[in-house]
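First the structure, in the form of structure tokens, and then the observations on it.
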Amino acid sequence: MKKKANIPTFEEALASLEAIVAAMEKGDVPLEELVAKYAEASALLARCRESLDKAALTIERLKAGAGAVETEPFAPENDGSAAAGD
């Protein structure tokens, strides 16, 4: 699927967001760059949320079109891989 001009795919946005977080966690980013990265990360996060919201809506519509009377919100099961307290 082709992407629109300068709008990253979900996967591209997520990869960029992960790279920014890793750079920020190192702690060696100058303040001015840190603020710029924070702004970029906020935009990427919004893009990821938008993509996920659209995907959830599509799934709900598909379920409704398949004759399902009721829908339920998607809630991933905890597979135990997340650390306690996260």
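Just so you know, all these numbers are worked out from the coordinates, no wet-lab data involved. Just so it is clear, the structure is predicted and the values come from calculations on it, not from any experiment. Note that we place each Cβ from the backbone using ideal geometry, even for glycine, and neighbour counts take in every protein chain shown.
Miscellaneous remarks
- Distance in nm between pseudo-label sites at F10 and V29 (7 Å out along the Cβ direction from Cα): 2.4
- Between A22 and I59, the FRET efficiency estimated from the beta carbon spacing at R0 = 41 angstrom works out to 0.85.
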